[in-house]
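The values are calculated or read from the model by the stated rules, or taken from the named source; none is laboratory data. Everything numeric in this text was worked out from a predicted model, so none of it was measured. Because the Cβ atoms are built from the backbone with ideal geometry, glycine has one as well, and the counts that use them run over all protein chains shown.
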Amino acid sequence: MGEYSVVGKSVERKDGRVKVTGKAKYAADLVAPGMLHGKILRSPLAHAKILNIDTSKAKALPGVMAVITGKDFPGIPFGTRPDTRDQLPMPITKVHHFGEGVAAVAAVDEDTAEEALELIKVDYEELPVVLTIEDALKPDAPLVNEFSKSNIAYSSDFVFGDVEKGFKEADHIREEVFTSQRVTIGFIEPHAALAEIDSSGRILLQASKQSPYITWRHMCRALDIPISKMRIVNPFVGGAFSGKHDPFDVDFAAVKLAQITGRPVKIVLNYDEILAAYRQRNAMWAKLKIGVKKNGEITALRAECILEGGPIIGIGSFNIYFFGAFLTVPYKIPAIEYHGKLVYSNRAPCGTVRGQEIVLSQFCRDSILDMVAVDLGIDPVEIRLINAIPSNWKTVNGIVVDVSGLEECIRKAADEIGWARSRVSRPKGRGIGFSCASHPSGPRLGGHFGSSVMLKLVEDGKVILTHGGTEIGQGANTVFCQMAAEVLGLPYEDIIPGVSDSDTTIFDSGMFGDRCTYWTGNATIRAAEDLKNQLAVVAAKELGVDPKELEFKDRRIFVKGNPQKGIDFLLAVRRAYYERGEPLYGRGYWAATDIDIVDWKTGKGNLAHGLDFIATAIELEVDRETGKVTLIKGVHGDDAGQPINPLMLEGQVNGGSAHMAGHALLEESLYDEKGRVLNYSWRDYKQPTSMDTPEYIVEHVHTHDPYGPFGAKGAGEASSCSTLAAIANGIYDAIGVRIKDLPITPEKILKALKEKEGK
Amino acid sequence: MFIKRLPQFEYHYPKSLPELFSLMAKYGDKAKLLAGGTDLLVSMKKREISPDHLINLKEIPELKGISFNEREGLRIGALTTIDEIEQSEIVKNRYQILWEAVSVMASPQIRTLGTIGGNLASAIPSADTAPPLIALGASLTIKGISSERKCLVEEFFKGPGESVLKTDEILTEIRIPVPPERSAGTYLKMMRRNALDLAIVGVATFLKLDRDKKICEDVKIVLGAVAPTPIRAIRAEKLLIGKELNEAIADEAGRIASEESKPISDVRASKEYRKTLVHVLTRRGLIKVNSMIRERS
């Protein structure tokens, strides 16, 4: 590892000041000349046939410019993969969940649009609802999705290694069932879209999207147009956490209404609409059976998982594979048998949330690991060290781990939380829980999958960097500017993030799975090297040396080891523009072609590079009388390779953990027996506040990933994967009760305590 | 079903009480009074109510401010914001029970909007200011166009969203007597999260001890969010009067208070859990207050 000037430094975020001063323009802030305002009419029923929608009265209201329903779209379904195309822009024959958009209006102002919604008459024929996994799997269950003949939406089944032998060799076997609730996603900025149509009919969409490529592809398919007929420009995005990948009725309706009226149309949702009717995390039922030797070594794992994901598959086909695949990381598991199913239901559609379904699988596996550790009398830190995956490891299902700092992560977390001391004495009601996790740095999915970056070197020596990832608040623009500055020997402030625009940017396939720093970061380095090579030719000529001899540092280009023999960076730029007439563009792309496109149904293949590792220790206190859990301190031993921006990395790690503290303890989207959401306001849906968040400490474990940019790995999602079990295990350590059913509410704790004391 | 934009209404902003009363007389039940608006505007956006007129009270000087003297005690204008009460030194030093309640309400931002009068007049069962005010023996001044009456906070509530206020009356001020020597109170609120949340249960406990700081001379236990209105746990209070407080008797008082509560189950908590909390919080409040008085020199 060399000494870096910009990489590894906690430089100020590129977007920090503009955001905290309220000057950043998000989709809802955008205004276009002649713009109309759109609103969406939502279904009060969770499952019903649409018999008729009468929009005539709404259309007749003065100020209303257009009213649309699902029938205004071509009726072409879209989905993540060719075999999972099960969604329409807006429903045509039936509604699938409470709050689903059934019609949309564009009017001269928002009040008129709202008034028009009340004039739309929808005739429904109510259908029985499917709400739970049990409902969905009943032999006579009503079918949820009109494109599927079964409520089993997707499945993933695999066996790797000799599972029978593994259980035979085990000294101790334990089987447990775990469940997890529906949670919403919790980004700050609500969904919003502004659509405009130019004189040639080309669409311009500016919306709050996490993965503009996914939105672009799916929308063009469902609108039956070539993708060149649509342009996407991304404004500032206020968080996404996987809740803004795909196009929603908001985006489709804005486009369709703009096409019909010929005027720009903006739709901005209220948050209650999002809490009721947009992406959530799947509800889970899972059964795990683990075999271990007396010394704590795991010999085999058998797992079943059923996810209830609402009326669409979405990314669920990947989720159900991901759950099983990452049961074998970050511990050495010699054999695994896995059976996963995703089922349709009439609850809000699921995508996923930060950490994807690894969050759920690590909760189950690290909970049961803690349970067998107690059974065998092995220290929870010890059992994790015994099983921790080392570097140069290949999991039984074929996932290759190049570099693992997990052992050091575990030791650092245990030290910093004061584990050894706590075993001597600790206050009553206090406990410490551990969990480890791993997350890959961006899996390869089918289709377009590379990342690319374009650098434009301006005459004044500054560089404009546009990339195919998306800045959604995670800090992508900042880390790429740091990387480009490092390669070009420029100060960080000389690199300016450009606009994310499909006309000039080649979008990444999506912004998910800890992918951006790793993939787009590598592309940034290559783009900067491309630019550097061009400048080196210019400077070499000036200096009469070989371009290969040149070094770039402190805005100078000079012969290696001889800083006197060189020219200013700016002079080289001017020579190129003014004497050679040569524009300076750096192009770079990166694509891991040496990893596999995994078959999600059979789980075969090496999914990704750059597995990041984390060991999380959480100290907490449980009030035995009220059941209330107070998180006191969270320590993360975190191996993200080489941190590019340590402060932002800490923000990601701590943020992921705080986010999942809500999943562990507070959050649950509740439904009544007819599938109507009960708590779709921020008052009643309990996300944690800063007052619910413990003191966090991140212990960076520096490793060097052979494929990562500057040795970095992806980051930000591993801590969300390690937090649920750390909290559940901490509660067990504090009061000796094991809650396997999330969220761990005070009432569940009191009930469990009562049962324990009754015994 | 989903939140909408505010419906149309005519907006009035009287600068004095006479001006206010004439507007109220003119528009009657077609008008709603706007204080902080933290409940009202949300109800309007949900179309639970759509008044034709909104009368903003915030520009009437008589309705604002906090004042104190040793004879009459504390006066808080009904339009005083929760934040102003939280920032008041006199409230913090002399009426800690009320200060504890306002400092755990909603969020700092909402506290700068919400008013104490609005919190009371909305009459929601979980209103945080009600239990401490009842425990302190506070009274309200209620004025009409040509009337003025006093009402104990304890007698103000009639049911969820209902109070003794008539449509032609307004709540103008809250008066709280000077707390007696050797007395103290505390407000314990259980929420699902530590901020920005409604009470699952709120318990105000108030004690006055005898000269030797041993025997309970006066006891108030007031429960929020466990009945259609805030209620006093009278039987639990009676148990303690004339007795010396200890763990056992405090626990018994908690048990009785729990019996006296009449909570419901909803999305926030079950009835049984609320009853458990009344028991625990009452005991903890009593023990805490008792030692607060004893430890005070």
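Quick notes on this one:
- Exclusive hit being more than 14 Å from every other protein chain (Cβ to nearest Cβ), touching a strand residue (DSSP E or B) at 6+ places or on another chain (Cβ under 9 Å) and either in a loop (DSSP other than H, G, I, E, B) or not charged (D, E, K, R) (or both), set A:His663, A:His702: A:His702
- Matching residues, segment A:238-277, being touching a Gly at 6+ places or on another chain (Cβ under 7 Å) and assigned to a loop (DSSP other than H, G, I, E, B): A:Gly238, A:Gly239, A:Phe241, A:Ser242, A:Gly243, A:His245, A:Asp246, A:Arg263, A:Pro264
- A:Glu134 surrounded by fewer than 23 Cβ atoms within 10 Å (Cβ to Cβ), in a helix (DSSP H, G or I) and at pLDDT 95 or above: yes
- When segment A:526-542 is filtered for residues that are among the aliphatic types (A, V, I, L, M) and surrounded by fewer than 20 Cβ atoms within 10 Å (Cβ to Cβ), the ones remaining, listed by number, are A:Val537, A:Ala540.
- Single residue of segment A:548-606 satisfying the filter (small (Gly, Ala, Ser) and without any contact (Cβ under 8 Å) to a residue 40 or more places away in the chain) that is surrounded by the most Cβ atoms within 10 Å (Cβ to Cβ): A:Ala572
- Among the candidates A:Glu273, A:Glu304, A:Glu297, residue that is surrounded by fewer than 24 Cβ atoms within 10 Å (Cβ to Cβ) and within 14 Å of chain B (Cβ to nearest Cβ): A:Glu273
- Within segment B:20-34, considering residues that are under 28 Å from the mean Cα position of the chain (by Cα) and not aliphatic (A, V, I, L, M), the one nearest to A:Val677 (Cα to Cα): B:Lys32
- Total residues in segment A:468-504 satisfying the condition of being assigned to a helix (DSSP H, G or I) and over 18 Å from A:Tyr518 (Cα atoms): the figure is 4.
- Evaluation of A:Ala107 against the conditions (1) within 29 Å of A:Gly309 (Cα to Cα); (2) modelled with pLDDT of 95 or more; (3) buried (at least 17 other Cβ atoms within 10 Å of the Cβ) shows that the sole unmet condition is (1).
- Hey, A:Lys14 touching a residue at least 60 places away in the same chain (Cβ under 8 Å), surrounded by 20 or more Cβ atoms within 10 Å (Cβ to Cβ), under 30 Å from A:Gln652 (Cα atoms) and away from chain B (no Cβ under 14 Å) or not: yes
- Hits in segment A:256-282 (condition: closer than 23 Å to A:Met35 by Cβ and basic (Lys, Arg)): A:Lys256, A:Arg263, A:Lys266
- Qualifying position, being over 17 Å from B:Val222 (Cα atoms), hydrophobic (A, V, I, L, M, F, W, C), in contact with a helix residue (DSSP H, G or I) (Cβ under 7 Å, 6 or more places away or on another chain) and surrounded by 19 or more Cβ atoms within 10 Å (Cβ to Cβ), among B:Leu165, B:Leu136, B:Leu120: B:Leu165
- Qualifying position, being over 26 Å from A:Gly243 (Cβ atoms), more than 14 Å from every other protein chain (Cβ to nearest Cβ), within 21 Å of the chain's Cα centre (by Cα) and buried (at least 20 other Cβ atoms within 10 Å of the Cβ), among A:Gly656, A:Gly610, A:Gly641: A:Gly641
- Per the listing A:Asn562, A:Asn533, the residue uniquely away from chain B (no Cβ under 14 Å) and closer than 30 Å to A:Thr703 by Cβ is A:Asn533.
- Of all residues in segment A:276-294, those satisfying the criterion of being basic (Lys, Arg) and either within 14 Å of chain B (Cβ to nearest Cβ) or surrounded by fewer than 24 Cβ atoms within 10 Å (Cβ to Cβ) (or both) are A:Lys287, A:Lys289, A:Lys293, A:Lys294.
- Qualifying residue in segment A:531-540 (condition: at pLDDT below 95 and outside any loop (DSSP other than H, G, I, E, B)): no
- Taking the listed residues A:Glu114, A:Glu118, the one that is within 12 Å of chain B (Cβ to nearest Cβ), crowded, with 17+ Cβ neighbours inside 10 Å and under 19 Å from A:Leu36 (Cα atoms) is A:Glu114, with no other qualifying.
- Lone unmet requirement of (1) assigned to a loop (DSSP other than H, G, I, E, B); (2) more than 9 Å from chain B (Cβ to nearest Cβ) for A:Lys686: (2)
This table checks each residue for (1) closer than 22 Å to A:Ile472 by Cβ; (2) in contact with a Leu (Cβ under 9 Å, 6 or more places away or on another chain).
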residue	(1), (2)
A:Ile152	no, yes
A:Ser156	no, yes
A:Glu164	no, no
A:Arg182	no, yes
A:Phe187	yes, no
A:His191	yes, yes
A:Gly201	no, no
A:Leu204	yes, yes
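- Screening segment B:240-270 for residues that are within 11 Å of chain A (Cβ to nearest Cβ) and not β-branched (Val, Ile, Thr) and picking the one that is surrounded by the fewest Cβ atoms within 10 Å (Cβ to Cβ) gives B:Ser265.
- Considering A:Leu269, A:Leu257, A:Leu275, A:Leu288, the condition of being in contact with a Pro (Cβ under 7 Å, 6 or more places away or on another chain) and touching a residue at least 40 places away in the same chain (Cβ under 8 Å) is satisfied by A:Leu269 alone.
- Residue list for segment A:711-759, filter: touching a residue at least 40 places away in the same chain (Cβ under 8 Å), β-branched (Val, Ile, Thr) and either more than 14 Å from chain B (Cβ to nearest Cβ) or in a loop (DSSP other than H, G, I, E, B) (or both): A:Thr723, A:Ile727, A:Ile731, A:Ile735, A:Ile744, A:Thr745
- In segment B:18-41, the residues that are over 14 Å from B:Thr172 (Cβ atoms) form Cβ pairs under 7 Å with partners that are surrounded by 13 or more Cβ atoms within 10 Å (Cβ to Cβ) and among the acidic types (Asp, Glu), at six or more places apart or across chains, as follows: B:Ala25/B:Asp168; B:Lys30/B:Asp52.
- All of (1) assigned by TED's automatic domain parsing to the domain that holds A:Ile697; (2) over 30 Å from B:Thr282 (Cα atoms) hold for A:Ala539 with one exception: (1).
- Test: residue in segment A:313-332 that is assigned to a loop (DSSP other than H, G, I, E, B) and within 21 Å of A:Ile744 (Cβ to Cβ): no
Let's see how each residue does on (1) among the small types (Gly, Ala, Ser); (2) free of Cβ contacts under 8 Å to residues at least 12 places away in the same chain:
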position: B:Arg5; (1), (2): no, no
position: B:His12; (1), (2): no, no
position: B:Ser43; (1), (2): yes, yes
position: B:Ser50; (1), (2): yes, no
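- Residue selected from segment A:71-111 under the condition under 16 Å from A:Ile313 (Cβ atoms) and among the polar types (S, T, N, Q), by the criterion nearest to the other protein chains (Cβ to nearest Cβ): A:Gln87
- Residue among A:Glu621, A:Glu650 that is charged (D, E, K, R) and within 14 Å of chain B (Cβ to nearest Cβ): A:Glu621
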